[in-house]
1. Here is a list of conditions, (1) loosely packed, with under 13 Cβ neighbours inside 10 Å; (2) in contact with a Cys (Cβ under 9 Å, 6 or more places away or on another chain); (3) assigned to a strand (DSSP E or B), and residue 68 meets all of them except one; can you say which number that is?
2. So if I check each of 41, 32, 26, which one is crowded, with 16+ Cβ neighbours inside 10 Å and either out of contact with any Asp or Glu (no Cβ under 7 Å at 6 or more places or on another chain) or not acidic (Asp, Glu) (or both)?
3. Need at least 2 residues that are more than 11 Å from the chain's Cα centre (by Cα) per element, so show me which strands (runs of 3 or more DSSP E) inside region 1-65 make the cut, counting only ones lying wholly within it.
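Every number here is computed from the coordinates shown, using simple stated rules; none is lab data. Computed from a predicted model, the values in this text were never measured in an experiment. Ideal geometry is used to build each Cβ from the backbone, glycine not excepted, and the neighbour counts take in all protein chains shown.
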Amino acid sequence: MEDKRNLRKERIGVVTSNKMQKSIVVAEVKKVKHPMYGKFVLKTKKYVAHDEQNDCNEGDTVKIMETRPMSKTKCWRLVEIIERAK
């Protein structure tokens, strides 16, 4: 049973909103090469994550992990704050 926990996805991103109670919005930015033209394009994906202590601020770099659904849009949780916003 313990082996299944290692299969959970992890993402690193920047907190874009902390206006909700115990929730944050994390934006993950990836550079993807365009299939036809070869130019690198920035793709942004937003995740709503659970922040139990409300200790994240906008601009913080955080690591989030996949978890059970906590609401309609929230199925990620905060693992650690990698870097605080300056």
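1. (3)
2. Numbers: 41 fails: crowded, with 16+ Cβ neighbours inside 10 Å; 32 fails: crowded, with 16+ Cβ neighbours inside 10 Å.
Result: 26 is the single residue among 41, 32, 26 that is crowded, with 16+ Cβ neighbours inside 10 Å and either out of contact with any Asp or Glu (no Cβ under 7 Å at 6 or more places or on another chain) or not acidic (Asp, Glu) (or both).
3. Because the criterion is at least 2 residues that are more than 11 Å from the chain's Cα centre (by Cα), the strands (runs of 3 or more DSSP E) in region 1-65 that meet it are 23-33, 40-50.
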